[in-house]
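This report refers to the structure that appears directly beneath it.
The values are calculated or read from the model by the stated rules, or taken from the named source; none is laboratory data. Nothing here was measured: the structure is a model prediction, and the numbers come from that model. With ideal geometry, Cβ positions are generated from the backbone for all residues, glycine too; neighbour counts draw on all protein chains shown.
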Amino acid sequence: MDELGFNKIAAAILATALGYMGIKELAHAVIHVEAPKAPAYALAIPEAAGAVEEVELPFPQADWIAAMDANRGARVFKKCTSCHNAEKGGANGTGPNLWNVVGAPAAQHAGFNYSTAFQNSGKTWNYQSLYNYLERPTKYIPGTSMNFIGLKKAEDRAAVIEYLRLASDNPLPKPDPAPGPEDLVEAAPMDESTVINETPAVEAPLSTEAPTETPEMEKPAMETQEQ
Ligand code: HEC
C-alpha cells in the first residue's frame, strides 16, 4: 500500500477514535451533571450508526452489596473520626454521633446543632441516600455544615455504610440487589442489526477500537483490594 493510502486509513481510524471519545465524554458529562446517583455502566448495545448508549443501572448492584465490608469500612471511617464517632452513647463532636444513623431520618441525633439545610432536607438515611450523600455531601445537601469533600470510591462508600449499618441497636438487613446489566440487556430491543456480545456487557470494552481506559464511575467490577 502506498504511503498516502496508509495515512488516509490512519486518519480515518483516528477520526473514529476521536468521535468515539467525544460521544463518551459528552455522555459522561450528562451523567455527572444530571444523575450522579448510582454507578453508571456503559452497556454495549451497538446501533446501526455506531452510537453507544449509556444506561444507568438501578441501585444497588450485587457487586456494590459485595463491597459492604465492615473491616474496610472501619479503615475508611478513620477519615470521619475527626468529627464523628459511631459508638453507642458516644458524644457529639464537630459532627453528630452516628450510632443508629442508618435507617434514621436526617438531623435527628439528640443534642446536635444541625445546619438549617440539614433540618429542612427531609432526607432519611437509607443505603441510596447515604451513598449519594457520602460521595459529595455539599452537593447532596447544599448548605450542609459537614465540611468534607466526600468519598470518591464506590467501594469505600459501600464499606463505610456497612460499618455504620452495624453501629446500631437494630441493624437493617443488607439490601437486595437491583436488576443487573444482564436483565437490562435481555430487555433491550433487538433485531438483526443489533449485535450483543456473549459476555455480560459491563465486562466487555465498548468496542475493540476504543480506548480501554474507563472513567472511575464506569468501572464495572468493584474490586475490593486491600481486604
Ligand atoms: C469536618 C468534619 C466532618 C467530617 C470529616 C465528616 N463529617 Fe459527617 N457530618 C459533619 C457535620 C457537621 C454533620 C452535620 C451536617 C449539618 O448539620 O449540616 C455531619 C453529618 C453526617 C451524617 C448525617 C448525620 C445525621 O444525624 O443526619 C452522616 C451519616 C455523616 N455525617 C457521615 C460521615 C462519614 C461516614 C464521614 C467520613 C467518611 C464523615 N461524615 C465525615 C461533619 C463531618
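This table checks each residue for (1) surrounded by 15 or more Cβ atoms within 10 Å (Cβ to Cβ); (2) assigned by TED's automatic domain parsing to the domain that holds ASN71; (3) at pLDDT 95 or above; (4) under 22 Å from the mean Cα position of the chain (by Cα).
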position: PRO96; (1), (2), (3), (4): yes, yes, yes, no
position: ASN100; (1), (2), (3), (4): yes, yes, yes, no
position: SER129; (1), (2), (3), (4): yes, yes, yes, yes
position: THR138; (1), (2), (3), (4): yes, yes, yes, yes
position: ASN147; (1), (2), (3), (4): no, yes, yes, yes
position: LEU172; (1), (2), (3), (4): no, no, yes, yes
position: GLU186; (1), (2), (3), (4): no, no, no, no
position: PRO189; (1), (2), (3), (4): no, no, no, no
position: VAL195; (1), (2), (3), (4): no, no, no, no
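Selection of the stretch 67-89 for residues being away from the ligand (no atom under 14 Å from the Cβ) and buried (at least 16 other Cβ atoms within 10 Å of the Cβ) yields ALA67, ASP69. For the stretch 159-170, the tally of residues that are surrounded by fewer than 21 Cβ atoms within 10 Å (Cβ to Cβ) and in a loop (DSSP other than H, G, I, E, B) stands at 3. Taking every residue in the stretch 142-161 that is more than 12 Å from LYS79 (Cα to Cα) and in contact (Cβ under 8 Å) with a residue 40 or more places away in the chain and pairing it with any residue that is part of a loop (DSSP other than H, G, I, E, B) and near the ligand (Cβ under 10 Å from one of its atoms), at least 6 positions away or on another chain, the pairs with Cβ-Cβ distances below 8 Å are MET146/CYS83; MET146/GLY95; ILE161/VAL102.
Suppose the filter is closer than 21 Å to ALA67 by Cα and either of a type in the set (S, T, N, Q) or part of a loop (DSSP other than H, G, I, E, B) (or both); does ASP156 pass it? So ASP156 fails the test.
For TRP64, the test of being more than 8 Å from the ligand (Cβ to nearest atom) and part of a loop (DSSP other than H, G, I, E, B) is failed. Looking at ALA159, ALA117, ALA154, just one residue is more than 23 Å from the chain's Cα centre (by Cα), over 18 Å from SER82 (Cβ atoms), aliphatic (A, V, I, L, M) and at pLDDT 95 or above, and that residue is ALA117. Pairs linking a residue in the stretch 77-95 that is in contact (Cβ under 8 Å) with a residue 12 or more places away in the chain to a residue that is surrounded by 15 or more Cβ atoms within 10 Å (Cβ to Cβ) and among the small types (Gly, Ala, Ser), with Cβ atoms under 8 Å and 6 or more positions apart or on different chains, are PHE77/ALA86; CYS80/GLY95; CYS83/GLY95; HIS84/GLY95; ALA86/ALA167; GLU87/ALA167; LYS88/ALA167. Answer yes or no: is there a residue in the stretch 61-72 that is basic (Lys, Arg), modelled with pLDDT of 95 or more and in contact with a helix residue (DSSP H, G or I) (Cβ under 6 Å, 6 or more places away or on another chain). Within the stretch 61-72, one or more residues are basic (Lys, Arg), modelled with pLDDT of 95 or more and in contact with a helix residue (DSSP H, G or I) (Cβ under 6 Å, 6 or more places away or on another chain). When restricted to residues that are within 8 Å of the ligand (Cβ to nearest atom) and in a strand (DSSP E or B), the stretch 101-145 contains 1.
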